[in-house]
Amino acid sequence: MALTEAVALAPIAFTFCVGALRQADASLESAVQVCGAGPVRILRSVVVPMLRPPIVYSSVLIVSMSLETLSVPLLYGQPSDAVDPDGVAVPGPGCVPRASLQAKRIRQRWM
């Protein structure tokens, strides 16, 4: 689930990197090219170091948002070992079936 959320949030990383590339000075790439560097060397020595901060920022943001999305199922979906008097397993804390189980007990008491 966290991986799916990370893929869905990939445009955020793209937005950060595009902004960094728009602000970059093209003369840096030209200077390295005039010195005789090839395309791989230009990418490795100029472009990647320019993109390192936006990649780190966006990855931290994406990981935190993915973990935030994952925390809800982890919190509400954990089963507990509790069993009610009827022998039915009681779901983890905060789960909706527990509320319906309590309503069932109240109905049995009053009827």
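Just so you know, all these numbers are worked out from the coordinates, no wet-lab data involved. Please read these numbers as outputs of a predicted model, since none were measured by experiment.
For the range 2-76, relative contact order (Cα pairs under 8 Å, six or more residues apart, normalised by length) works out to 56 percent. Taking every Cα-Cα distance in the range 2-76 and sorting them into 10 Å bins from zero, the calculated P(r) comes out as 18, 35, 24, 15, 6, 2 percent. For the range 28-38, putting each phi into the Karplus relation 6.51 cos²θ - 1.76 cosθ + 1.60 with θ = phi - 60° gives couplings of 5, 5, 5, 5, 5, 5, 5, 6, x, 7, x Hz, in residue order, rounded to whole numbers and with x for Gly and Pro.
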